[in-house]
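Undergrad: I'd like to ask some things about the structure below.
The numbers here are math on the coordinates, done by the rules we state, and not lab data. A quick note: this is a predicted structure, and the numbers were derived from the prediction, not measured. FYI the Cβ positions are ideal-geometry reconstructions off the backbone, even for glycines, and counts take in every protein chain you see.
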Amino acid sequence: MIRGIRGATTVETDDATEIVSRSYELMKEIVEENRISAEDVTQVLFSATADLNAAFPAKSLRYLDGWKYVPVMCMREIDVPEGLSRCIRVMVTVNTTAEQKEINHIYHHEAIKLRPDLKEEGGAK
């Protein structure tokens, strides 16, 4: 079964080091909480809000052991009024035997506000 695993984080400033570091922190937890092997990943898609352009969040994947050949792409998040600023989102598409309700979607920092419903149900960490 192919499943999507979502995650998001925020940064304090448009700083390359912080963007890559927070993206790595997010991906590391997604991998650990969902017991993902790079070989089971179809693709990873990152998006960033318009106020972030100092670095590609996708660069963070290159710091995960064994993820060198995983296809990854970055794109711009749509600019929704009242949307969360300085936000990085990720969608990891994986082959897994886990049921939908067993997937752990990960939200860090201010991005926790995006899916409080998952936190209450235990589907977000």
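Undergrad: Pull out the extension gain between Met75 and Thr42, defined as 0.36 nm times the separation in residues minus the alpha carbon to alpha carbon distance; nm, one decimal.
TA: Difference between extended and current length: 10.2 nm.
Undergrad: How much net charge surrounds Phe46 when only the other residues with a Cβ under 11 Å from the Cβ of Phe46 are counted, with Lys and Arg +1 and Asp and Glu -1?
TA: On the way: positive: Lys59, Arg76, Arg89; negative: Glu77.
Around Phe46, the charge tally is +2.
Undergrad: Let me ask something else about it. Could you tally the net charge around Leu61, taking each other residue with its Cβ under 12 Å from the Cβ of Leu61, Lys/Arg +1 and Asp/Glu -1? The partial results should precede the final answer.
TA: On the way: positive: Lys28, Lys59, Arg62, Lys68; negative: Asp65.
Local charge sum for Leu61: +3.
Undergrad: If you count the DSSP beta bridges with both ends in the chain, what percent of them are antiparallel, to the nearest 5? Before the final figure, lay out the partial values.
TA: On the way: 16 of 24 bridges.
The antiparallel proportion sits near 65 percent.
Undergrad: Can you tell me which aspartates and glutamates have their Cα less than 15 Å from the Cα of Lys68? Leave out same-chain residues fewer than eight positions away.
TA: By straight Cα distance, Lys68 reaches Glu39, Asp40.
Undergrad: Tabulate in residue order the Karplus-calculated ³J(HN,Hα) for region 40-51, using 6.51 cos²θ - 1.76 cosθ + 1.60 with θ = phi - 60°, rounded to whole Hz; enter x for Gly and Pro.
TA: After applying 6.51 cos²θ - 1.76 cosθ + 1.60, I find 8, 8, 7, 6, 10, 10, 9, 10, 9, 5, 4, 7 Hz.
Undergrad: Please turn the phi angles of region 106-118 into ³J(HN,Hα) values with the Karplus equation 6.51 cos²θ - 1.76 cosθ + 1.60 (θ = phi - 60°), one per residue in order, whole Hz, x for glycine and proline.
TA: 10, 10, 10, 6, 5, 5, 4, 5, 5, 9, x, 5, 6
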